[in-house]
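**Q** The structure under discussion is supplied below as structure tokens; questions concerning it will follow.
The values are calculated or read from the model by the stated rules, or taken from the named source; none is laboratory data. What you see is a predicted model; the values in this text were computed from it and never measured. We place every Cβ from the backbone using ideal geometry, glycine too, and count neighbours over all the protein chains shown.
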């Protein structure tokens with residue numbers, strides 16, 4: 001709204017950014033009645049392949065705009081890494097257990113990262 005955009009449709013979907021079978025996302029991408037796809041966070045659209053989506057939208061005369069870009073590449077990389085771990089752990093151990101395990105891995109990685117920066 002701050003940029004003067006007229007929001008014509010809001011789409012919320014419960015699903016992973018790693019999942020490529022998201023009905024609402026497919027519905028949006030095949031809808032040619034918008035000029036800008038406005039996404040709150042990149043990972044809400046997709047964890048991987050966002051550049052492909054952006055390219056395809058550009059080729060069809062539309063834009064992809066991400067409101068909250070990652071503050072730096074390290075944060076973005078850590079988020080992607082956590083997404084991959086979560087995905088594989090979810091398949092192996094079930095969703096709840098995978099979430100707890102991923103949180104422990106992230107905490108451990110962050111601690112290691114802080115220790116490396118201090119040394």
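**Q** Taking the stretch 58-73 on its own, how many of its residues are modelled with pLDDT of 75 or more and part of a helix (DSSP H, G or I)?
**A** So the count comes out to 2.
**Q** While we're on this one: Would you please name the residue that is nearest to residue 80 (Cα to Cα), looking only at residues in the stretch 23-43 that are under 13 Å from the mean Cα position of the chain (by Cα) and surrounded by 16 or more Cβ atoms within 10 Å (Cβ to Cβ)?
**A** Only one residue tops the list, namely 43.
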